[in-house]
1. If you put +1 on each Lys and Arg Cβ and -1 on each Asp and Glu Cβ, how big is the dipole of the range 43-160 around its Cα centre, in Debye rounded to 20?
2. Using helices alone, I'd like the mean residue ellipticity at 222 nm for the chain: each DSSP H run of four-plus residues gives -39500 (n - 2.57), total over residue count, nearest 500.
3. Given a 1.4 Å probe, how much area per residue of the range 124-203 is accessible, in Å²?
4. Roughly how compact is the range 27-98, stated as its Cα Rg over 2.2 N^0.38 Å to two decimals?
5. Which chymotrypsin sites (Phe, Trp or Tyr not before Pro) does the range 75-183 hold that lie in a coil by DSSP with at most 11 other beta carbons within 10 Å?
6. Specify which residue in the list 112, 58, 123 is farthest towards the positive end of the charge dipole of the range 48-203, using unit charges on the beta carbon of Lys, Arg (+1) and Asp, Glu (-1), about the Cα centre.
7. Excluding residue 59 itself, calculate the net charge of residues whose Cβ lies under 11 Å from the Cβ of residue 59, where each Lys or Arg counts +1 and each Asp or Glu counts -1.
8. Can you give the Kirkwood hydrodynamic radius for the range 74-133, in Å, rounded to one decimal and based on Cα pairs?
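The values are calculated or read from the model by the stated rules, or taken from the named source; none is laboratory data. Computed from a predicted structure; not experimentally measured. Glycine also receives a Cβ, built like all others from the backbone with ideal geometry; neighbour counts cover every protein chain displayed. Keep in mind that these areas ignore ligands, DNA and RNA; they rest on the heavy atoms of the full protein, side chains included. Shrake-Rupley method; radii C 1.70, N 1.55, O 1.52, S 1.80 Å.
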Amino acid sequence: MIAIIDYDAGNIKSVEKALAFLGEEAVVTRDFDTILKADGVILPGVGAFGDAMGKLRGYGLEEVIHQVVDKGTPFLGICLGLQLLFDSSEESVGVKGLGILPGKIVRIPAENGLKVPHMGWNNLSFPNQGKLFKGLPENSYVYFVHSFYLQADDPEIVTATTEYGVTIQASVEKKNVFACQFHPEKSSDVGMQILRNFIALTK
């Protein structure tokens, strides 16, 4: 069973539907015991960094997330869920992130006529081998919706990038922690394969 953390963020239902489509049992929950007993945990989300951290802390979920990661349970952050794993974000100055991975979130520069937020399909490059991308070719296309992007302290954890005026670190992986800036649940067959690969890690 995969636990999808419920902290009143957007886009949680679409992740649940994608897992159901793949035949995987999933539960949307903020119950501590359910999350800790899950075979895998997903932190999805669309919204503002500061509001999201406030909700996670308000529901007491920050500690549970750290426990899940520390015990080695496969953990997947999606979109805002990726950003929350890091130390801070320019979107919410002064708000501490989960600090599970070192790095910061910065605003996409509005240059060269590029629209922000970045919305649409972009192809991926794989600078480091990632378990989430097993069976997928270089230049696979996935769907993004975001105004901020990751600058990880350790480039070795970056498993996918894309170009949008700047190099966007699109996915990271370290031990049992995985995260995607894009939305696999909205990324057609490529996204379903990414979710299948994550599910396989929970077995």
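1. Values: 9 positive and 12 negative charges, 58 e Å.
The dipole magnitude comes to about 280 debye.
2. Roughly -7500 deg cm²/dmol at 222 nm, from the helical runs in the chain.
3. On the way: 3410 Å² over 80 residues.
With the other protein chains kept in place, the range 124-203 gives 43 Å² per residue.
4. Numbers: Rg = 11.8 Å, N = 72, 2.2 N^0.38 = 11.2 Å.
Its radius of gyration relative to the 2.2 N^0.38 Å reference: 1.05.
5. Numbers: sites: 75, 86, 121, 133, 141, 143, 144, 148, 149, 164, 178, 182; in loops: 86, 182.
Loop-located and lightly packed - none at all.
6. 58
7. Numbers: positive: 30, 55, 57; negative: 6, 8, 31, 62, 63.
Net local charge, residue 59 excluded: -2.
8. Numbers: mean 1/r = 0.0729 Å⁻¹.
Kirkwood radius, the range 74-133: 13.7 Å.
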